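Scroll down for the structure; my scribbles are underneath it.
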Amino acid sequence: MPVLPGAEPYRHEGGEVGVLLCHGFTGSPQSLRPWAEYLAERGLTVSLPLLPGHGTRWEDMQVTGWQDWYAEVDRELRALLERCTRVFVFGLSMGGTLSLRLAAKHGDAVAGLVLVNPANKLHGLAPYALPFVRHVVRTTKGIASDIAKEGSAEIGYDRVPLHAAHSMRTFFRLVDGELPQVTQPLLLLHSPRDHVVPAADSARVLGRVSSTDVTEILLEQSYHVATLDHDADRIFEESYAFIGRIAPSVGKEGTATGG
């Protein structure tokens, strides 16, 4: 199936500091494209992959699972590590969960994490029925475009495939157990008025990681897809400043990014 217009992956060859951006469940790179371009314009090497089963039609996602999504970002991270001296991982929603697992598994190879409304759990009673219901009902209503800013929209599926949702629930439980292995500097930005992922998920992440360099920022003007919302510029600026603090030579023309 052809990729939906605007949902294509994005890559930019820049300097020796790289950033991997991970989009969310049923979404696409479009939700993070302005962020990726902002970083690319400042000389960073950027990779924003399209997760398997995403960006086409929901039926394609029905036959994928967390192992497929994680394998894709793991490959992209390894590719960045081959050409960059420092690599940061950024993620939105389930992309934040993917980012946390990359940090837990790759250790010091990941220089730092920036998470926006990271997901940690499927809440309520419905998820407990997923192992059974997914064999009877194929989809439920979509979760895309939770955005406060008028005129801003997310390219994402209008249906959630339940096989994929069941796999995501399994993945959340796996990563929750791995959170203590996350030790990298962490910038976590979350929206108090998020209609997809509750604030409890960010609190759980902050409470379980072993990182000692942690910054939490509230995105008061935005809903879930904050990277396309009123607080987008703040996310971009804070994340770039975070990189500059961890890799101080970023933005200094003609210098490398070791140290």
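The values are calculated or read from the model by the stated rules, or taken from the named source; none is laboratory data. Here the structure is a predicted model, which means the values were calculated and not measured. Cβ coordinates were reconstructed from backbone atoms using ideal geometry, including for glycine residues, and neighbour counts include every protein chain displayed. Just so you know, the surface numbers come from the protein's heavy atoms only, side chains and all, with ligands and any DNA or RNA stripped out. Shrake-Rupley method; radii C 1.70, N 1.55, O 1.52, S 1.80 Å.
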Please find, within segment 194-212, the residue that is most open to solvent (accessible area, probe 1.4 Å) out of those that are touching a residue at least 60 places away in the same chain (Cβ under 8 Å) and charged (D, E, K, R). 204
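Give the residue that is nearest to residue 30 (Cα to Cα), with candidates limited to residues of segment 216-251 that are of a type in the set (Ser, Thr, Tyr) and open to solvent by 50 Å² or more (accessible area, probe 1.4 Å).
223
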Consider only pairs whose beta carbons are under 7 Å apart and that are at least six residues apart or on different chains; among these, list those whose first residue lies in segment 24-41 and is within 22 Å of residue 157 (Cα to Cα) and basic (Lys, Arg) and whose second residue is modelled with pLDDT of 95 or more and open to solvent by 10 Å² or more (accessible area, probe 1.4 Å). 33/10
Would segment 55-64 turn up any residue that is touching a Leu at 6+ places or on another chain (Cβ under 8 Å) and farther than 20 Å from residue 157 by Cα? no
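On the given criteria, is residue 162 buried (at least 17 other Cβ atoms within 10 Å of the Cβ), out of contact with any helix residue (DSSP H, G or I) (no Cβ under 9 Å at 6 or more places or on another chain) and over 17 Å from residue 95 (Cβ atoms)? If you could, list the steps in order and put the result at the bottom.
On the way: buried (at least 17 other Cβ atoms within 10 Å of the Cβ): yes; out of contact with any helix residue (DSSP H, G or I) (no Cβ under 9 Å at 6 or more places or on another chain): no; over 17 Å from residue 95 (Cβ atoms): yes.
Criteria not met by residue 162.
Return the residues of segment 204-232 that are within 14 Å of residue 192 (Cβ to Cβ), among the charged types (D, E, K, R) and part of a loop (DSSP other than H, G, I, E, B); say none if nothing qualifies. Lay out the reasoning, then the answer.
At the first step, the residues of segment 204-232 found to be within 14 Å of residue 192 (Cβ to Cβ) are 216-224, 226, 229-231.
Add one more test, that the residue is among the charged types (D, E, K, R), and what stays is 216, 220, 229, 231.
Across segment 204-232, the qualifying residues are 220, 229, 231.
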So which residues in segment 128-159 are open to solvent by 40 Å² or more (accessible area, probe 1.4 Å) and under 17 Å from the mean Cα position of the chain (by Cα), if there are any at all? 143, 145, 155
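Just to be sure I understand, how many residues within segment 102-118 are open to solvent by less than 30 Å² (accessible area, probe 1.4 Å), outside any strand (DSSP E or B) and either out of contact with any helix residue (DSSP H, G or I) (no Cβ under 9 Å at 6 or more places or on another chain) or closer than 26 Å to residue 193 by Cα (or both)?
So the count comes out to 2.
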What is the one condition in (1) of a type in the set (A, V, I, L, M); (2) without any contact (Cβ under 8 Å) to a residue 12 or more places away in the chain; (3) not in a helix (DSSP H, G or I) that residue 129 does not satisfy? (3)
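Being farther than 26 Å from residue 111 by Cα and either surrounded by 15 or more Cβ atoms within 10 Å (Cβ to Cβ) or out of contact with any helix residue (DSSP H, G or I) (no Cβ under 9 Å at 6 or more places or on another chain) (or both), is that true of even one residue in segment 176-191? Walk me through it before giving the result.
Start the filter on segment 176-191 by keeping residues that are farther than 26 Å from residue 111 by Cα, which leaves none.
Among the residues of segment 176-191, not one is farther than 26 Å from residue 111 by Cα and either surrounded by 15 or more Cβ atoms within 10 Å (Cβ to Cβ) or out of contact with any helix residue (DSSP H, G or I) (no Cβ under 9 Å at 6 or more places or on another chain) (or both), which makes the answer no.
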